[in-house]
Amino acid sequence: MRLTHEWVCEYVETVASPQEIADTLTMLGHEVEAIEQSDLGAVLAVKVTPNRGDCLSVLGIARELAASDPTRFQPTELMREAIRGWTLGDEATPLSATSVTIETPDLCPRYAARVWNEAPMQASADWMQARLVACGMRPINVIVDTTNYVMLELGQPLHAFDLDLLREERIVVRTARPGEKMRTLDGIEREFSTEMMLICDAERPVAVAGVMGGEETEVTQTTKRILLESAHFQPASVRRTRRALNLPTEASHRFERHVDPEGVVRALNRFALLLSQQTGVAQEPGVCDLYPGRSELQPVQVREARWNLLLGMEVPRAAAAASLNSIGMRVAETEEGLTATPPSWRADIAIEEDLVEEIGRLAGYENMPERLPEGSTPQGGESALTSLRTRARDAMLRLGFIEVVTHSLRAPSPLDAPCDPIRLRNPASPEVSVLRNSLLPGLADAARRQHDDSFFLFEVGRVFLPEAERVCIAGLMRGQLLPEHWRSGHAAEVDVFTLKGALQEVGARLHRLPAFEQSNDERFHPAKQARVVVAGQDVGVMGELSRLLVERMHLQPSLFAFEMDLTSLLELPEATPRYKPFSAFPHVRRDIAIEVPKDVPYAQIERLIRESAAGLLEEVWLFDVYEGKGIEEGKHSLGIAMTLRHMEKTLTDEEANEVRERVLQALASLGAKQR
Amino acid sequence: MNPIEELRAKAEEEIERAEQLDALRAVEIRYLGKSGEFTALLRTVGTLSPEERPAFGKAVNEAKEQLQSLVEERRSQLELTEERRVAERERIDLTMPGRRFRVGIRHPITEAEERIKAALIGLGFEFFEGPELEEAKYNFEALNYPPDHPAMDDQDTFYVDDHRLMRTQCTAIQGRVFEQKQPPLRVFTVGRCYRNEAVDRTHGHTFHQVDAFMVDEGINMAHLKGTLRAFASAMFGADTRVRFRPDYFPFVEPGVDYSISCPFCAGAGCAVCKGTAWIELGGAGLIHPNILRAHDIDTERWTGWAFGLGVERIPMMQYQIDDLRLFYDNDSRFLEQFRA
């Protein structure tokens, strides 16, 4: 909301500068987001919180300033007049020119109207136009401008109808009938649903209550007589209607946030005074004022011990009472503290804590002490899943991967997991329409933003599967193992075995060693992929990304990726490391070279070596694979190294050779021949 | 001059003249070797009277020892010279670039999250995680949002269906915590939140949030301020101060927003605090009694506070990043600037 500084000063006399007023308002909870300049001087852009509809006006802001420091901000005669309600003396006279019926008193507790029989159609006064422009409104004519002016001044939205166009010249407040339609002031024909509240004449809707008037009964150059509406509508009802129609207006903004029901006639009077001041035209005597929903705000108790406890500082009872009184509350002292009856514009005050806030806010939070909590201190710490996630992330960081953070809301992707992603009912755009079910699509996006041909990327984050949310870790890599350097030129290229090595390191760090088993995932190269299996359970996928898919997605070729489900992994047994004593004696290395059919998996060979060399075998590793010249078709030659060691003595050459022979004999069962 | 002294002087001169290690070795052998000149001199002891012999032998040995140490000394000198000579041939240009390693880098959001976690765990808070695809009731109703209240306007929400939405605030964990745990409580979470907002430099449809709250006997606003001060000191430096301003959130009463004294200009005014010396960090307040009562927590005995803040704000201030979108683009030229 924008208000000129000079207008505020018409309500409170002060020497405070616009900046000082802004600071005061901000510290009262009404943040001044900007001080702008206009033809009328400073304009304050005030952000009013949604519970304080009463502050959406000059009067409301002036009330807050006066309450904060009555000597610095003294109410002017105009403000006192506003509080008295600009009584014209004819308020008790019923209006004969029209009649109002309220069919829904719960949604419209009060509806009042005044009538003018000669409508002056002219421009509003220059001073009024200047204020409206400075506050961000467009002047139209004296009738519309004065309704807007009164709304800004008092917070009460008004609406003027062309009385001659109202059938039977009367008003009916009711909910919409099925299929009922009306063209609103913005020229759009709208159909209403039956819970929407409408202002109607004898036959048809003429306004959407609290939101916008109808085009047909609008005040125009040809208007002769006007009916001015000033009402109180139930906030939630206005909000539902406004949202359903997607029609936010200055009026609906205020009605949604509660408009003072006691200010309804005051606004009619203020309009009458301003109109007569500008045009000399007087209203028909009398007010049509229906107030079927009158309700008194209930007194609220607040205990002195309670406000002292909650605020963490002492506020004397007299000071608290004065504070509450200054914001319009009727205050009485009780044994334990105070009872305060909120004024009609403070429907947000309902419980003791609401009063505690008012007492604290007006005492000033700058005086609040700082203390650390005492008492029992529960054990802080991470959850098991977070801790696993941190360890997995650390493992990737140690391996030289760079962490990315990608969006969980995204467009569907060919890299999605093979299940339908959950869709947003109200997507922002096709790019923000589904919940990711895999981290791989985001990693592919990140890959496009890398400025080197080689990259190691990973992400830890949630994915959304139809049955549950899971925390996953995924990596995507390509290119050279090490960055190029003048000493060595190009380093080895990343391949599936690099990926496997990385996963084994991550598994080791998480104390859950993975196995790699045959898989059939269309996102990966048909022959270079595996399921990642821990303790017999699938926890992930890995492999070279499908070349076809990579090409279709316009990604660089030779991409290697994995994704692993940490939420599942957490449930699997953890093989915590245990210290194993090691031998003080030297080891003996024995290498074997065997020619073996290519369809014999290496894992089987290694398993057999481990079995046959058990007891003395310390390590075994594959150091060479060769096929081609000198090797039979369909076979390859494997170079395998073993280190052997005895716990209690130095192995002799003979003993080592014996193990080697035993291994070779065992391998013969797989069709392996020594070379 | 006696023959011992004569020989010693001669040897000494030659040791000093030796310019190469092998020349020195030759001198050493000639004079001090088994069949060297001093051995020969010692053999002449037979020509002396028995009384003179011990003194002669002693003098020869002393001369030998002295010369031996001169040889060692000279050898060290020559070795050093030789090493320098060889090394000079190996001189390299150390202005050439060092080898580049693949180094893991934490994303700046993660870095901030980990600092936040360390600070709050240090204050005795327990990490709790709730779903991002959340039940609507935990995001709004359980947090005391009245139906059809304009407070929801700040939180344009992505819905999946009538009952599930992308949580708009991490405060949504509160209801879940109260269902599972009893006071006293010190709990926090860090995670993603989502709002259906137009994306620009300072707004995204996705952002990260911290939400912390505690419930204990006698907890009040001063404890909130004190804890925020301790938290802000851990994050931004020991001198950081905290300021409260009244604000409104349906789940707290009283509600405030809090600012920290600008850690970048010590109050002088700078670009980060836009010259105000204060930086608004988030919202806070005492947990609304309706929330506690909904979980059968006696508000006469137990009170609590809650605070929240945005995670992205922290690296944005720390590294002076001016566009929120950079965090989610993952451009290598962005990520590689932070060796976190």
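The values are calculated or read from the model by the stated rules, or taken from the named source; none is laboratory data. If you're wondering where the values come from, they're calculated on a predicted model, not measured in any experiment. Because the Cβ atoms are built from the backbone with ideal geometry, glycine has one as well, and the counts that use them run over all protein chains shown. Note: areas computed on protein heavy atoms with side chains; ligands, DNA, RNA excluded. Shrake-Rupley method; radii C 1.70, N 1.55, O 1.52, S 1.80 Å.
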Yes/no for A:Glu467 being within 27 Å of B:Val190 (Cβ to Cβ) and either out of contact with any Pro (no Cβ under 6 Å at 6 or more places or on another chain) or open to solvent by 10 Å² or more (accessible area, probe 1.4 Å) (or both): yes
Whichever residue in the range B:148-165 is within 21 Å of B:Ile291 (Cα to Cα) and in contact with a Ser or Thr (Cβ under 9 Å, 6 or more places away or on another chain) and, among such residues, is modelled with the highest pLDDT: B:Leu165
The range B:95-124, subset in a helix (DSSP H, G or I) and touching a Pro at 6+ places or on another chain (Cβ under 6 Å), residue farthest from the other protein chains (Cβ to nearest Cβ): B:Ala112
Filter result (under 25 Å from A:Gln504 (Cα atoms) and assigned to a helix (DSSP H, G or I)) within the range A:540-561: A:Arg547
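Of all the residues that make up the range A:626-635, how many are surrounded by 12 or more Cβ atoms within 10 Å (Cβ to Cβ) and either more than 14 Å from A:Gln674 (Cβ to Cβ) or acidic (Asp, Glu) (or both)?
Number satisfying all stated conditions: 2.
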Every residue from the range B:11-28 that is exposed (fewer than 12 other Cβ atoms within 10 Å of the Cβ) and without any contact (Cβ under 8 Å) to a residue 40 or more places away in the chain: B:Glu13, B:Arg17, B:Asp22
The range A:432-464, residues that are more than 9 Å from every other protein chain (Cβ to nearest Cβ), open to solvent by 10 Å² or more (accessible area, probe 1.4 Å) and under 21 Å from B:Asp161 (Cβ atoms): A:Ser433
Test: residue in the range A:473-492 that is assigned to a strand (DSSP E or B) and open to solvent by 70 Å² or more (accessible area, probe 1.4 Å): no
Where a residue in the range A:487-501 is within 16 Å of A:Met396 (Cα to Cα) and at pLDDT 95 or above and its partner, wherever it lies, is open to solvent by less than 60 Å² (accessible area, probe 1.4 Å) and of a type in the set (Lys, Arg), with Cβ under 9 Å and at least six apart: A:Val494/A:Arg478
Subset of the range A:66-101 [among the hydrophobic types (A, V, I, L, M, F, W, C) and either touching a His at 6+ places or on another chain (Cβ under 8 Å) or not in a helix (DSSP H, G or I) (or both)]: A:Phe73, A:Trp86, A:Leu88, A:Ala92, A:Leu95, A:Ala97, A:Val100
Enumeration of residues in the range A:512-539 that are surrounded by 15 or more Cβ atoms within 10 Å (Cβ to Cβ), outside any loop (DSSP other than H, G, I, E, B) and either among the polar types (S, T, N, Q) or touching a residue at least 40 places away in the same chain (Cβ under 8 Å) (or both): A:Gln529
Residues located in the range A:351-386, provided they are within 7 Å of chain B (Cβ to nearest Cβ), among the aliphatic types (A, V, I, L, M), part of a helix (DSSP H, G or I) and closer than 30 Å to A:Val300 by Cα: A:Val356
Filtered residues of the range B:61-81 (kept if open to solvent by less than 70 Å² (accessible area, probe 1.4 Å) and within 15 Å of B:Glu12 (Cβ to Cβ)): B:Ala63, B:Lys64, B:Leu67, B:Gln68, B:Ser69, B:Leu70, B:Val71, B:Arg74, B:Arg75
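Select, from A:Val659, A:Val620, the only residue that is free of Cβ contacts under 8 Å to residues at least 40 places away in the same chain and aliphatic (A, V, I, L, M).
Numbers: A:Val659 fails: free of Cβ contacts under 8 Å to residues at least 40 places away in the same chain.
Exactly one of A:Val659, A:Val620 is free of Cβ contacts under 8 Å to residues at least 40 places away in the same chain and aliphatic (A, V, I, L, M), namely A:Val620.
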Qualifying positions in the range B:215-258 - part of a loop (DSSP other than H, G, I, E, B) and more than 10 Å from chain A (Cβ to nearest Cβ): B:Gly237, B:Ala238, B:Asp239, B:Thr240, B:Phe251
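Look through A:Arg114, A:Arg63 and report the one residue that is touching a residue at least 60 places away in the same chain (Cβ under 8 Å), open to solvent by less than 80 Å² (accessible area, probe 1.4 Å), assigned to a strand (DSSP E or B) and under 23 Å from A:Met151 (Cα atoms). Full working, then the answer.
Working: A:Arg63 fails: assigned to a strand (DSSP E or B).
After applying the criteria, what remains is A:Arg114.
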Any hit, the range A:181-191, residues being among the polar types (S, T, N, Q), closer than 22 Å to A:Asp289 by Cβ, surrounded by 14 or more Cβ atoms within 10 Å (Cβ to Cβ) and touching an Asp or Glu at 6+ places or on another chain (Cβ under 9 Å): no
Members of the range A:587-600 that are open to solvent by 70 Å² or more (accessible area, probe 1.4 Å) and out of contact with any Leu (no Cβ under 8 Å at 6 or more places or on another chain): A:Lys598, A:Asp599
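Residue check: is B:Phe127 under 38 Å from the mean Cα position of the chain (by Cα), under 30 Å from A:Arg239 (Cβ atoms) and within 9 Å of chain A (Cβ to nearest Cβ)?
No, not satisfied.
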